[in-house]
Number of protein chains: 2
Amino acid sequence: MTLPVQEDEVLQRIRRMLENGIEAFGLRDDAAVLDVPAGGPLVVSVDSVVEGIHVDLSLCSPGDVGWKALMGALSDLAAMGATPLAALVALCVPGGSGDGQLTLGVMEGVAEASRASGCAVVGGDVSGGNQLVVSVTVLGTSEPIDPPAVARIGAQPGDVVLVTGPCGASAAGLRELRRGRGGSDTPGLAESYRRPVARLREGRLARLAGAHAMMDVSDGLALDLHRLAAASAVGLELDSVPVAAGATEEEALGGGEDYELLIAIDVVGAGMLVDRFSSEGLRRPTMVGLVVEDASVFTLRGQALQPSGWQHRLG
Amino acid sequence: MTLPVQEDEVLQRIRRMLENGIEAFGLRDDAAVLDVPAGGPLVVSVDSVVEGIHVDLSLCSPGDVGWKALMGALSDLAAMGATPLAALVALCVPGGSGDGQLTLGVMEGVAEASRASGCAVVGGDVSGGNQLVVSVTVLGTSEPIDPPAVARIGAQPGDVVLVTGPCGASAAGLRELRRGRGGSDTPGLAESYRRPVARLREGRLARLAGAHAMMDVSDGLALDLHRLAAASAVGLELDSVPVAAGATEEEALGGGEDYELLIAIDVVGAGMLVDRFSSEGLRRPTMVGLVVEDASVFTLRGQALQPSGWQHRLG
């Protein structure tokens, strides 16, 4: 019997791709079956990358889109201090030439991010459409300690606020790519835009060091710091903005997609965290400010800071 | 502090909607934290509904789209014999008037399907876009018996093939709606198209009765029976097609989205299954044919059957 169909053939090639170099299971049935380590809870999240909204296919490859989608979702696990277990990928792909090359290109990037992060892709779905949409659901595990995950709620007056790295490189990379200068002049910036990395080890260590609240910088430092403060019903007095080399302070505050982590933690915990990062060979986090009791305070160097950043217009 | 943003407001309304009447948790953080019942494995799947591909918004409401997306994903759990635990919803929504009404309408339908199935929505993501896309990931649990889930692989020569109900009602409903007759003449058919129901109880009972192979009818009876046979490396001799009232045999074979279950099981198990369905008040399944050893055989009433059905054209 020959299958008179093209979708099933593309799916078979995706299965082979994902099984090459990583323990992939499922993908052959309606659903995948996972063994979950006993004891700890499951941490779950979903994130999407939409062509024309989050990415421009003239500035990055289909593989970049796949990479960004999986890493963006994994960043949500990092922000909870969880360890990746498995991912499921839903693709909506324009018909185009109908040869499946865009689908396979996106899944190549997903497979690369899967290998880089150790997160197996165990299921997926592919549909036609008029716009590329990649939605990734990630499942993570957490040691059975209390708390099992770090929420946004929990920052306390007197906490210091740390950021795991400088921000704005992704936005600066996009700016350079738009100017047609993504290649030779500033390869690091373009790479930050095309291949961001979720801070999984940093998130887990911050949780173990007793972080009170944590989230990732996906929509811009200013908006995400504001969200952390609002969720915790506290104010923030910021002293400094960690700006990536080649980026502007505006890009660091409003650019988004840096996937660095924001961590609110007491002073003793902060010292422990810095030591642990150092002994694991991770970049030293930057202290950006202090949590204050008055929830109406949101300042940078004493001036009111606008919580600007990426927001979707939703019909 | 006022948030100068619209996305965050829409998300807050979605949270209130999902918490109204069902135990919803998470939705406030980067990720949700789930307690997983000890012992059994986790069964996971993802499924999408795309405007213009799977649904036409002139023939069904935003709420219908949300309902169909969650039920379609749950049908994959039903086909494994799993019990729903939680769902995550990724929405891509055109900007339109920017008032969030389409987003909220879709999520109303998701919330209704969530209540009807007992599957809590624990996380989500909303993006802009130029086409409505609803991707739903579902997590299910399974009793720690062997096998923990029923795959497509496993149908054996001599097995009977059962279908949990007549097919084609969804396709016939779509036909009636396109003719402008979805309302009064044939309300049942339109309802089958707009509000399909995943066969969760049937799937679990079939697994407990020892089903050898199982899958749901999402792309048409002929194509999905062919997939079941191909996965199991067996042939099928079909005697009959269960056609829903008001539908044609062609619609039953090629229509899709019926979400009835195909079950391959030995004769003794089939008897047990029919008894269990009866004692639980479920519809009596229809026997459609027999599994044969020769994998080149795929016949209906002795004539070769074309495995036609829905296939995406993928770029």
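The values are calculated or read from the model by the stated rules, or taken from the named source; none is laboratory data. All figures in this text were calculated on a predicted structure; none of them were measured in a lab. Note that we place each Cβ from the backbone using ideal geometry, even for glycine, and neighbour counts take in every protein chain shown.
Things to note:
- Scan of segment A:152-162 for residues that are of a type in the set (A, V, I, L, M) and buried (at least 24 other Cβ atoms within 10 Å of the Cβ), ordered by number: A:Ala155, A:Val161, A:Leu162
- Pairs where the first residue, in segment B:189-201, is in contact (Cβ under 8 Å) with a residue 60 or more places away in the chain and under 14 Å from B:Met214 (Cβ atoms) and the second is buried (at least 24 other Cβ atoms within 10 Å of the Cβ) and among the β-branched types (Val, Ile, Thr), C-beta under 6 Å, 6+ apart: B:Arg199/B:Thr164
- Looking only at segment B:35-53, and only at residues there that are outside any strand (DSSP E or B) and either crowded, with 24+ Cβ neighbours inside 10 Å or at positive phi (or both), the one that is nearest to the other protein chains (Cβ to nearest Cβ): B:Gly52
- Scoring B:Ala149 on the criteria (1) out of contact with any strand residue (DSSP E or B) (no Cβ under 9 Å at 6 or more places or on another chain); (2) outside the structural domain of B:Ala87 (by TED's automatic domain parsing) leaves a single failure, condition (1).
- Residues (of a type outside the set (A, V, I, L, M) and out of contact with any strand residue (DSSP E or B) (no Cβ under 9 Å at 6 or more places or on another chain)) located in segment A:217-236: A:Asp219
- Flag for B:Gly63 being modelled with pLDDT under 90 and surrounded by fewer than 24 Cβ atoms within 10 Å (Cβ to Cβ): no
- Residue in segment A:156-166 that is touching a strand residue (DSSP E or B) at 6+ places or on another chain (Cβ under 8 Å) and within 14 Å of another protein chain (Cβ to nearest Cβ) present: no
- Subset of segment B:114-138 (residues that are facing another protein chain (nearest Cβ under 7 Å), of a type in the set (A, V, I, L, M) and surrounded by 24 or more Cβ atoms within 10 Å (Cβ to Cβ)): B:Val122, B:Val133
- Looking only at segment B:77-104, and only at residues there that are at pLDDT below 95 and assigned to a helix (DSSP H, G or I), the one that is nearest to B:Gly118 (Cα to Cα): B:Leu104
- When A:Ala169 is tested against (1) within 30 Å of A:Val297 (Cα to Cα); (2) not assigned by TED's automatic domain parsing to the domain that holds A:Ala231, only condition (2) is not met.
- Among strands (runs of 3 or more DSSP E) entirely within segment B:120-169, having at least 1 residues that are under 30 Å from B:Val10 (Cα atoms) singles out B:120-129, B:133-141.
- Among (1) under 19 Å from A:Gly154 (Cα atoms); (2) within 14 Å of another protein chain (Cβ to nearest Cβ); (3) touching a helix residue (DSSP H, G or I) at 6+ places or on another chain (Cβ under 8 Å), the one test that A:Ser296 misses: (3)
- Selected residue (only one of A:Thr137, A:Thr164 is hydroxyl-bearing (Ser, Thr, Tyr), under 23 Å from B:Ala31 (Cα atoms) and in the same structural domain as A:Phe277 (by TED's automatic domain parsing)): A:Thr164
- Set A:Asp239, A:Asp266: member being touching a strand residue (DSSP E or B) at 6+ places or on another chain (Cβ under 6 Å) and of a type in the set (D, E, K, R): A:Asp239
- Residues that are at positive phi and either among the β-branched types (Val, Ile, Thr) or touching a Leu at 6+ places or on another chain (Cβ under 9 Å) (or both) within segment A:132-164 comprise just one, A:Gly158.
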